[in-house]
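The values are calculated or read from the model by the stated rules, or taken from the named source; none is laboratory data. Nothing here was measured: the structure is a model prediction, and the numbers come from that model. All Cβ positions, glycine included, derive from the backbone under ideal geometry; neighbour counts span all protein chains shown. The protein model used for the area step is the full one, side chains on, heavy atoms only, and it has no ligands, DNA or RNA in it. Shrake-Rupley method; radii C 1.70, N 1.55, O 1.52, S 1.80 Å.
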Amino acid sequence: AQSVTQPDARVTVSEGASLQLRCKYSYSGTPYLFWYVQYQRQGLQLLLKYYSGDPVVQGVNGFEAEFSKSDSSFHLRKASVHWSDSAVYFCAASTGNVGDNSKLIWGLGTSLVVNP
Amino acid sequence: EAAVTQSPRNKVTVTGGNVTLSCRQTNSHNYMYWYRQDTGHGLRLIHYSYGAGNLQIGDVPDGYKATRTTQEDFFLLLELASPSQTSLYFCASSGTGDSDYTFGSGTRLLVI
């Protein structure tokens, strides 16, 4: 069955440090892949998405992610984090079902804490 | 601006009570979803719909009904609320089932 795994429930980094949040998917083909961010007490917002082509995709606020078919991964990166990046980050993947049964499946999220 | 609007923002009800959560989207999207978010469980899909009058069962449908009255409006009904349904509920919309989603701000429900 398709699944999305975010192995780190919580990541703590210092402001200005680089960041990688991990996402692994289980899927027989190439899914559509997404990263969303949830700030405190708010809904989820799209950071970036991958459909096909260049495996490195750029998102908002300096985030990028790299798709790897060989590793079944879609890790999120940022070169230098800011305290305002503290939030919960969700990875999601399409199920691959066609037509009306298609939908996204979600990882459990990674809580990012950026220390000033 | 295209958006997903949920109401109420917060709701408190008693066990056995009736609750309706509302969601309206102005994105002209076909798909709408209801999720609940609980610590340790991430987002869990309750019901979804791909058009007015359509309803699809999600992964955790027990105790919930939903109705899609128009393309814009999707309602979640708890007819006999239980404390286990205390949660943060999100509505979302998307153009297709596997395209990016737009989320509402959430409804925090407390069942006492």
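Side notes on the structure shown:
- Residues losing 30 Å² or more accessible surface upon assembly, segment B:81-112, compared with the chain by itself, 1.4 Å: B:PHE90, B:GLY97, B:ASP98, B:ASP100, B:TYR101, B:PHE103
- Efficiency of FRET from Cβ geometry, A:LEU46 and A:GLN20, R₀ 25 Å, rounded to 0.05: 0.80
- A:TYR39 versus B:SER105: modelled label distance in nm, points set 7 Å from Cα along the beta carbon direction: 1.2
- Cβ-Cβ FRET estimate between B:SER7 and B:ILE112, R0 fixed at 22 Å, reported to 0.05: 0.60
- For segment A:12-63, relative contact order (Cα pairs under 8 Å, six or more residues apart, normalised by length) works out to 24 percent.
- Mean Cβ neighbour count within 10 Å, used as a protection proxy, ranking B:67-80, A:45-58, B:27-40 highest first: B:27-40, B:67-80, A:45-58
- Pairing chains B and A buries close to 1800 square angstrom of accessible surface in total, based on protein heavy atoms and a 1.4 angstrom probe.
- Within segment A:3-115, antiparallel bridges make up roughly 85 percent of the DSSP beta bridges whose residues both belong there.
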